[in-house]
Amino acid sequence: VIHTSADFEFKDILKFTPGAVEAGVRAIREGRNIITDVRMVEAGIMKYRLDPFGAKALCFSSDKSVTEAASAQGMTKTAASMRKAAEVMEGGIVAIGNAPTALSELLRLIASGGPNPALIIGVPVGFVGAVEAKEELEKSGLTAIYTKGRKGGSTIAVAIVNALAILAAEAEAGKA
């Protein structure tokens, strides 16, 4: 993350709940889905690192059905995309780097008995709702990697997922 951002402040604001890295590596090695809030995160994930495990990066925020649902329900497309992704995120990773509304909706879905991802990467950036959504994640007790405060972003989410994929490959190679 520091290499990606050239921002040494991340050493103080990037937080890991117990077992977060292990949960992410395990999810990738088990071929679980990685759900992203925006296409920019999906595009940055090194798919060739996921392919040996059968893991897939998926983003639904641009789907026509999501756009229609968001409009009909008065919510953001990224929040509506979490609803659509709920059916394929069980045991996987959800990487949110852009949209605080996606993180808030994800947490609402989980709290209401919805899916149970193995790891939530909650690093939305911004001035509106980002701090609050990440504080909600921190209080949730869920397995997570997140940033404190306003900093974060799509490139930060990508860096975290790619680091987990590298660790998964190294773990697999060490197993031989």
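Brief remarks follow.
- Selection from segment 29-66 of residues that are loosely packed, with under 14 Cβ neighbours inside 10 Å, among the polar types (S, T, N, Q) and not in a loop (DSSP other than H, G, I, E, B): SER65
- PHE8 meets all of the listed conditions (1) within 17 Å of THR147 (Cβ to Cβ); (2) buried (at least 17 other Cβ atoms within 10 Å of the Cβ); (3) at pLDDT below 95 but one, namely (2).
- Of the residues examined, GLY129 is one that is at pLDDT below 95, surrounded by fewer than 17 Cβ atoms within 10 Å (Cβ to Cβ) and closer than 20 Å to LYS77 by Cβ.
- So THR143, is it under 14 Å from ALA27 (Cα atoms), among the β-branched types (Val, Ile, Thr) and touching a residue at least 60 places away in the same chain (Cβ under 8 Å): yes
- A single entry from LEU107, LEU58, LEU119, LEU50 fulfils the requirement of being out of contact with any His (no Cβ under 7 Å at 6 or more places or on another chain) and over 26 Å from LEU167 (Cα atoms): LEU107.
Here is a yes/no grid of residues against (1) at pLDDT 95 or above; (2) farther than 17 Å from LYS56 by Cα; (3) crowded, with 24+ Cβ neighbours inside 10 Å; (4) out of contact with any Gly (no Cβ under 8 Å at 6 or more places or on another chain):
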{"residue": "ILE93", "(1), (2), (3), (4)": "yes, no, yes, no"}
{"residue": "ILE110", "(1), (2), (3), (4)": "yes, yes, no, yes"}
{"residue": "LEU119", "(1), (2), (3), (4)": "yes, no, yes, no"}
{"residue": "GLU136", "(1), (2), (3), (4)": "yes, yes, no, yes"}
{"residue": "LYS151", "(1), (2), (3), (4)": "no, yes, no, yes"}
{"residue": "THR155", "(1), (2), (3), (4)": "yes, yes, no, no"}
{"residue": "VAL158", "(1), (2), (3), (4)": "yes, no, yes, no"}
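- In the condition set (1) closer than 26 Å to TYR48 by Cβ; (2) open to solvent by less than 70 Å² (accessible area, probe 1.4 Å), ALA99 is compliant with all but (1).
- Tally of residues being part of a helix (DSSP H, G or I) and open to solvent by less than 50 Å² (accessible area, probe 1.4 Å) across segment 11-20: 2
The values are calculated or read from the model by the stated rules, or taken from the named source; none is laboratory data. Quick caveat, the model's predicted, so the values are computed rather than measured. With ideal geometry, Cβ positions are generated from the backbone for all residues, glycine too; neighbour counts draw on all protein chains shown. All accessible areas refer to the heavy atoms of the entire protein, side chains included, with ligands and DNA or RNA removed. Shrake-Rupley method; radii C 1.70, N 1.55, O 1.52, S 1.80 Å.
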